[in-house]
Amino acid sequence: MNDDADRSLIVLHAVSKVYRSGRHEVRALANVSLTIPTGGFVSVIGRSGSGKSTLLNLMAGLELPSAGRVCVAGHDLATLSDDHLSDLRLRQVGFVFQSFNLFPSFTVLENVAWRLEFLGMSRRRASAEATAALEEVGVDAHAGARRPAELSGGEQQRVAIARALATRPAILLADEPTGNLDSQTGTQILDLLRALNHRRNVTVVLVTHSILAATVGQRTVELSDGRIIRDVRAPAPQCEVVPLRD
């Protein structure tokens, strides 16, 4: 890989992923190369089975490629131990899922704070950091004592985003984050992700099947049958993004 690629935050070089079950073989990705710089916002679009989720899992180190290299924050993921991979995910990567994945028995505040406590932060400081993260994504402070089931879908996704960002990761991986939301709420969540990308300079990789969602980022990568068939960069914005409140 060249020097520019090596300086990118996420680098996939000639990556293939094959799943085998007995004599059967399914090629999820085929010779995919992709570089994403720090602060980038890339939307990955494709039909079901195109390889989108596999691509995201490889970036997160949840799976390793059958061939090629995946480098994140300067680390070749194939060379890291399980403990180092877990530590990289905890500190450098935030996850947002379609189904929110909040702990139903935890309060909203506890759902955000637990990752911080897991890093060794005191409960008091973790609570303060979690409260700030919730406020940043537009969740009212009074919601902190409520359970996820008491919130709307949009509110739950905001809590999930706050949880993902609480550790101040370099990368935010979002897997169909608007899939369980109505169109208006989904648009609000996409606007929030774009604002966070600008405000925090967090690198966002958004996996989606929605054409609307795919236009939010600076770049849209389309997958089909495990291959990149289109890689389009958005034109420069004509107006400033409204910053989130402090």
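Taken together, the values in this text are just the output of simple stated rules run on the coordinates, not laboratory data. All figures in this text were calculated on a predicted structure; none of them were measured in a lab. Cβ placement follows ideal geometry from the backbone for every residue including glycine, while neighbour counts extend to all protein chains displayed.
Within region 174-212, the set of residues being surrounded by fewer than 19 Cβ atoms within 10 Å (Cβ to Cβ) and either of a type in the set (Asp, Glu) or closer than 24 Å to Ser224 by Cβ (or both) comprises Gly179, Asp182, Asp191, His209, Ser210, Ile211, Leu212. Within region 114-126, being within 19 Å of Arg91 (Cβ to Cβ) and either loosely packed, with under 14 Cβ neighbours inside 10 Å or polar (S, T, N, Q) (or both) holds for Phe118, Leu119, Gly120, Ser122, Arg125.
From the list Gly74, Gly46, the lone residue that is surrounded by fewer than 14 Cβ atoms within 10 Å (Cβ to Cβ) and either touching a residue at least 40 places away in the same chain (Cβ under 8 Å) or in contact with a helix residue (DSSP H, G or I) (Cβ under 9 Å, 6 or more places away or on another chain) (or both) is Gly74.
In the set (1) surrounded by 21 or more Cβ atoms within 10 Å (Cβ to Cβ); (2) farther than 17 Å from Asp231 by Cβ, Val32 fails one condition alone, (2).
Scanning region 109-161 for residues that are among the hydrophobic types (A, V, I, L, M, F, W, C) and closer than 21 Å to Ser183 by Cα turns up Val137, Val139, Ala149, Leu151, Val159, Ala160, Ile161. The numbered conditions (1) hydrophobic (A, V, I, L, M, F, W, C); (2) within 24 Å of Ser16 (Cα to Cα); (3) under 14 Å from the mean Cα position of the chain (by Cα) are all true for Ala160 except (2).
The residue that is nearest to Arg158 (Cα to Cα), counting only those in region 174-185 that are in a loop (DSSP other than H, G, I, E, B) and touching a Ser or Thr at 6+ places or on another chain (Cβ under 7 Å), is Thr178. Looking only at region 127-173, residues that are touching a residue at least 40 places away in the same chain (Cβ under 8 Å), assigned to a helix (DSSP H, G or I), among the aliphatic types (A, V, I, L, M) and crowded, with 16+ Cβ neighbours inside 10 Å come to 6 in all.
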